[in-house]
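Enquirer: Okay, handing you the structure first.
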4 protein chains.
Amino acid sequence: MNAELSMGIVGAGRIGRIHAENLAFHTPGVRLRSIHDPNRAAAEECAARCRIARVDDDPRRLIEDPELDAVVICSPTGFHADQIELAAAARKAIFCEKPIDLELARVDRALACVERAGVPLQLGFNRRFDPGFRRARALVAEGRIGTPQLVRITSRDPEPPPAQYVRGSGGMFLDMTIHDFDMARWIIASEVSELHAFASVLVDPAIGEAGDIDTAVISLRYASGALRSIDNSRKAVYGYDQRLEVFGSEGCVVVGNVPPTTAVLSGRSGVVADLPLHFFLERYQAAYLAEMLDFVECLRAGRAPSVSGKDGRVPVLMAMAAERSRREGRPVSVVG
Amino acid sequence: MNAELSMGIVGAGRIGRIHAENLAFHTPGVRLRSIHDPNRAAAEECAARCRIARVDDDPRRLIEDPELDAVVICSPTGFHADQIELAAAARKAIFCEKPIDLELARVDRALACVERAGVPLQLGFNRRFDPGFRRARALVAEGRIGTPQLVRITSRDPEPPPAQYVRGSGGMFLDMTIHDFDMARWIIASEVSELHAFASVLVDPAIGEAGDIDTAVISLRYASGALRSIDNSRKAVYGYDQRLEVFGSEGCVVVGNVPPTTAVLSGRSGVVADLPLHFFLERYQAAYLAEMLDFVECLRAGRAPSVSGKDGRVPVLMAMAAERSRREGRPVSVVG
Amino acid sequence: MNAELSMGIVGAGRIGRIHAENLAFHTPGVRLRSIHDPNRAAAEECAARCRIARVDDDPRRLIEDPELDAVVICSPTGFHADQIELAAAARKAIFCEKPIDLELARVDRALACVERAGVPLQLGFNRRFDPGFRRARALVAEGRIGTPQLVRITSRDPEPPPAQYVRGSGGMFLDMTIHDFDMARWIIASEVSELHAFASVLVDPAIGEAGDIDTAVISLRYASGALRSIDNSRKAVYGYDQRLEVFGSEGCVVVGNVPPTTAVLSGRSGVVADLPLHFFLERYQAAYLAEMLDFVECLRAGRAPSVSGKDGRVPVLMAMAAERSRREGRPVSVVG
Amino acid sequence: MNAELSMGIVGAGRIGRIHAENLAFHTPGVRLRSIHDPNRAAAEECAARCRIARVDDDPRRLIEDPELDAVVICSPTGFHADQIELAAAARKAIFCEKPIDLELARVDRALACVERAGVPLQLGFNRRFDPGFRRARALVAEGRIGTPQLVRITSRDPEPPPAQYVRGSGGMFLDMTIHDFDMARWIIASEVSELHAFASVLVDPAIGEAGDIDTAVISLRYASGALRSIDNSRKAVYGYDQRLEVFGSEGCVVVGNVPPTTAVLSGRSGVVADLPLHFFLERYQAAYLAEMLDFVECLRAGRAPSVSGKDGRVPVLMAMAAERSRREGRPVSVVG
């Protein structure tokens, strides 16, 4: 590995650009060498902004570039598994956005490649790096709430996706709740054994016509007997609603939404505070940077990435269990 | 009915004394005539404090007293149904603490008596009269959150009951969650069609040995497709935790805990606010008064009580469904 | 002194009625014997509601009644000093609303009578009994904020008084800020040595025409070097604004406004909480009861009242200093 | 002016490095050409991190570089006026940290040079660009609080400066309160006519021995009759305390401190939230970037900078008036 890490990015969409900026301007010891996007103009614009030397038309060439130490995969989900395998074969360290794939068998094949190659792989569960959620997890880990007994996650998007997107998304559980499934495992460092999902179409009938749901309440039981509930909606008119609560034998930690300012206006009709941040890139701006810094630090220190391949696989299992539960009307075991 | 309502109280325990004080000192147009408690000293102490003329040793004589307009039943649950029937037969207006009985058949017989007698019966679901929850319900009723889609109730006691109490309580769902089941129906004025319960013993093994549970996550589906989750614990070390959230197509209303003061101390190690009120009589002090004022006002105005016999019956059904769900490991329909 | 304290009330206005209810219903060991008001109908209505045996047409007869142990003076300010002197001469314990008088010399004569008679006198600085402010003072007294260095008081009324009232009120500093002057001394148990007042007429020109002001910022220096600021307005459209902050070498305690409920509505345009309580009788309901309980307890225990005659005198001095400061445009010493 | 603005920085201390990073990585259309610091190593380190082409040993050569469009002056205060004059003579746009100088006459000479040269000059009052304070100002400007009547600023540092620093600082009013004086004018777009200061040494006797004070309460009167209070301390153990309140005829806007996360822990002894951000560079990180973006945008658009030379001068006047007030024990006029 070079003194400076040489990195390439596959995908110059919203999330690719975020990672590009964080790597270009805020991650010391990294040289962003190359970027690819099927939309070449997008790749070029990002390259200019972030001073990236090369724009590659072929993602394979980018990945196999011998000068590269690590690759950041921000392509659409359907390409993740293939590109992970290419990168593993080329002995690159890999950062990949979630999910690895919508099919468990495909996830497993990709992870097997990574394991054989012995390369580091970090999954993009950005919420683990949010300062508020990290604080909550640290308090839990330090025993400040005693033994965890109840976990509650509220996760509501500000706007529903177009029905067209829904069709290729694998369903709300795989597309959106997957973050909450990851949070469930990570926040108390414990595995879920069983879950039950109630789900409805209340936001947009077109989502129902596409075979998906847009509102859900999911209950989970941990192996320890601790219990958890998630509630999801595809549309919260007041903005991106991302809250977490962990309750235990000695206390409770609650993480609320993040408003843009603390200004509060008292007038004749009420005391009015700011809405929470609306857009996920703003809400998780600090988290995206922290996860990239962590990835680079793991590579430099030679330690295993803090979000592993298994961490990418289990939430897919959980999403599938949730889908089965809501379709079959019964609780479903999650077997890892 | 007299110019002044003449009322009697059966039971001088914690809740009986609360009602006695509210009726004696804060409810204009009421004369508290009599009180009964098997513990005569308790009845006498309450009578002295609240200037109640008679202490009756026999609850039946109290109830059948021709001078009495209304009776407030605060005896242990096992006596509720019998005393409701006595009061109905004697043509008294009835206020009764929840639940009517632990057996649905017994509930139904008592309600049939009330119906035949044509007397008013109000059930003691005090939380409906809490100023915060009333505000939430008013906002929902005014359409301020649009169509309700998700409801979330957090209900955690500050201290678990002794295992001995647990044995006669009918179980946590009938004893404690019953309030949350009532809240579920009332807050969005809609019936629950199906529910699923996960439950554990995490607080006190003696509760488990008594055949009960102390921690639960319950999911509910409304006929409208709206969804709801409840989480319960028998022990929150930080106090009585009573929160509510209703989310809809146009917004979300959240009701938090009530601290005794707004004092906040910033020191070297954090910004520290008051714990929520610990004791249910303090937390719901305003609610207990409001429910009694409402009962008396309904009697005076000749309108039906705002918490009906049916409102006492359905939460019992829901508690039974929850018990079946957790025992059989499957969602259960709630058929009214 | 009788087993039961026998008490009379002079004045059946807003504040007299509050004390009557608290003494009648919430203060064990007290018998409310008599009430007087020049408006006899008001006195009778209060007597009926609070079960007071006698309505006296002559305040002097009420005060000199040999059966009476204590008298509560809630008449207009102009009568306070005379009635204090009558009560002292008749050897009654005295509770008197603030201020004792608008003239310092008159205050001093009344206090001299009280001293000669050796009767207990408690002044009605109700805010000292507010749960939030008490919490703040306890934290200060326990050293939780170290040495006090800065005190800040925000005190804004919801509605300005009519200009007619202003004329007889002694001015805003004596009528309204006097509570804040008392708070300044009490909260850190320290005397003010010097103060400076800027004042304006911004709310109602009629107040200015009556020779008074309606908006002020007052700075105070304590003997210890600690500093303090008060801001006052006669009109806050969002309600009664009563906040306090004490900052010291080890921390800071802030007491905020008290909302009627904790309900918060998130919609498209903001996160809206309840306005603070609007009316002073609601805001300080708990404080009025606590001060009366404290007065009675002091009498029973034979200890000196917790708000002394001196506590009634010094804020008058401070109000006069503030008035001189704003008129002469310079800081003024407060000599006790 | 070039397509890309070419800029140089004088001073690679804490604030110089912040501006360097913001210009290098977050300000599109800018090329950072050169940096100077008497500590060459500091300049080189910053140049390497921010990819600045030149390190100049002589600030004059940097400023006079014909390739340069604008210069950012972050040197110690004693150099500001000279460097402003050099830059004006060389026809550079100027961004200068506050204050321009500790002597009013020197401030005026420097501003006269700028005026003669006709170059843009922006002063570094970063708090004007804080998102919370901007929100407050926008609400005031939109009339949401009606006519402003009271302004309150709390400004407390987390740590006192060393006594040695104090000696050369011009005193707390010029060094620290100057930001609050600027805020006073800007937040309601109105000039202060008179002020009064009480001040003490309560934090560190060494500060007193150096002839300065560390704790103050300052009252101000605006030409409109509106009033304002500032409280300052050099040491708040709980962190950097920066709050603002503007009260008017139609409402009140309050801006609170900014915590690093929204995590709140409820345990046996209280409900504990995060301390406010401790370090000014973290607290005002967004503000520093916004002010630099604004400076560059003003240059590109050819409009006058949003913080003018006069905006740099008046707070110096106000600080001097405060110093005179506290020394002479009387209110002092502020004549612009």
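The values are calculated or read from the model by the stated rules, or taken from the named source; none is laboratory data. Everything numeric in this text was worked out from a predicted model, so none of it was measured. Virtual Cβ from ideal backbone geometry, glycine too; neighbours counted across all protein chains shown. When the accessible area is computed, the model is the full protein with side chains, heavy atoms only, and any ligands, DNA or RNA have been set aside. Shrake-Rupley method; radii C 1.70, N 1.55, O 1.52, S 1.80 Å.
Enquirer: Got a number for residues in region D:266-279 being more than 7 Å from chain A (Cβ to nearest Cβ) and under 11 Å from B:Ala273 (Cα atoms)?
Expert: Number satisfying all stated conditions: 5.
Enquirer: Counting only residues that are assigned to a loop (DSSP other than H, G, I, E, B), among the hydrophobic types (A, V, I, L, M, F, W, C) and more than 27 Å from B:Leu227 (Cα to Cα), which one in region B:243-299 is farthest from the chain's Cα centre (by Cα)?
Expert: Looking at the filtered set, the residue picked out is B:Leu275.
Enquirer: May I ask you to verify whether B:Pro99 is modelled with pLDDT of 95 or more and either in contact with a helix residue (DSSP H, G or I) (Cβ under 8 Å, 6 or more places away or on another chain) or buried (at least 17 other Cβ atoms within 10 Å of the Cβ) (or both)?
Expert: No.
Enquirer: Something else about it: Are there any pairs, at least 6 apart or on different chains, whose C-beta atoms fall under 6 Å, with the first in region A:221-239 and more than 26 Å from A:Ser249 (Cα to Cα) and more than 7 Å from every other protein chain (Cβ to nearest Cβ) and the second open to solvent by less than 10 Å² (accessible area, probe 1.4 Å) and part of a loop (DSSP other than H, G, I, E, B), and if so, which?
Expert: Qualifying pairs under 6 Å: A:Arg234/A:Asp214.
Enquirer: Does C:Arg228 qualify as being over 30 Å from B:Pro131 (Cα atoms), in contact with a helix residue (DSSP H, G or I) (Cβ under 6 Å, 6 or more places away or on another chain) and charged (D, E, K, R)?
Expert: In short, yes.
Enquirer: Now for a different question. Restricting to region B:144-154, name every residue that is out of contact with any Ser or Thr (no Cβ under 7 Å at 6 or more places or on another chain) and open to solvent by less than 40 Å² (accessible area, probe 1.4 Å).
Expert: The answer is B:Ile145, B:Pro148, B:Val151, B:Ile153, B:Thr154.
Enquirer: With region D:1-108 as the region, which strands (runs of 3 or more DSSP E) entirely inside it contain at least 1 residues that are within 19 Å of the chain's Cα centre (by Cα) and within 29 Å of D:Ala286 (Cβ to Cβ)?
Expert: Of the strands (runs of 3 or more DSSP E) lying wholly inside region D:1-108, those with at least 1 residues that are within 19 Å of the chain's Cα centre (by Cα) and within 29 Å of D:Ala286 (Cβ to Cβ) span D:5-10, D:70-73, D:93-96.
Enquirer: Okay, next question. Looking only at residues that are open to solvent by 20 Å² or more (accessible area, probe 1.4 Å) and closer than 18 Å to D:Val203 by Cβ in region C:243-265, which one is nearest to the other protein chains (Cβ to nearest Cβ)?
Expert: Once the filter is applied, the top-ranked residue is C:Glu250.
Enquirer: Answer yes or no: is there a residue in region A:70-88 that is modelled with pLDDT of 95 or more, outside the structural domain of A:Trp186 (by TED's automatic domain parsing), of a type in the set (Phe, Trp, Tyr) and open to solvent by less than 20 Å² (accessible area, probe 1.4 Å).
Expert: no
Enquirer: Please go through region B:127-148 and pick out each residue that is touching a Phe, Trp or Tyr at 6+ places or on another chain (Cβ under 9 Å) and either aliphatic (A, V, I, L, M) or not in a strand (DSSP E or B) (or both).
Expert: Hits for region B:127-148 are B:Arg127, B:Arg128, B:Phe129, B:Asp130, B:Phe133, B:Arg137, B:Ile145.
Enquirer: So is A:Ser306 more than 14 Å from chain D (Cβ to nearest Cβ) and open to solvent by 30 Å² or more (accessible area, probe 1.4 Å) or not?
Expert: yes
Enquirer: Here's something else I'd like to know. Starting from residues that are open to solvent by less than 90 Å² (accessible area, probe 1.4 Å) and among the acidic types (Asp, Glu), keep the ones in region C:42-56 and report whichever is nearest to C:Ala90 (Cα to Cα).
Expert: C:Asp56
Enquirer: Could I ask something else about it? Can you pull out the residues in region C:118-143 that are out of contact with any helix residue (DSSP H, G or I) (no Cβ under 9 Å at 6 or more places or on another chain) and either at the interface with another protein chain (Cβ under 10 Å from one of its Cβ atoms) or open to solvent by less than 20 Å² (accessible area, probe 1.4 Å) (or both)?
Expert: Answer for region C:118-143, where residues must be out of contact with any helix residue (DSSP H, G or I) (no Cβ under 9 Å at 6 or more places or on another chain) and either at the interface with another protein chain (Cβ under 10 Å from one of its Cβ atoms) or open to solvent by less than 20 Å² (accessible area, probe 1.4 Å) (or both): C:Gly132, C:Arg135, C:Ala138, C:Leu139.
Enquirer: Looking only at helices (runs of 4 or more DSSP H) that lie completely in region B:149-216, which have at least 3 residues being charged (D, E, K, R) and within 14 Å of chain A (Cβ to nearest Cβ)?
Expert: Filter on region B:149-216 gives an empty set.
Enquirer: Which count do you get for residues in region D:266-292 that are within 14 Å of D:Glu21 (Cβ to Cβ), surrounded by 18 or more Cβ atoms within 10 Å (Cβ to Cβ) and of a type in the set (Asp, Glu)?
Expert: Result for region D:266-292: 1.
Enquirer: Still on this structure, I have one more. Just checking, how many residues over region B:309-332 are within 14 Å of chain A (Cβ to nearest Cβ) and open to solvent by 70 Å² or more (accessible area, probe 1.4 Å)?
Expert: Number satisfying all stated conditions: 4.
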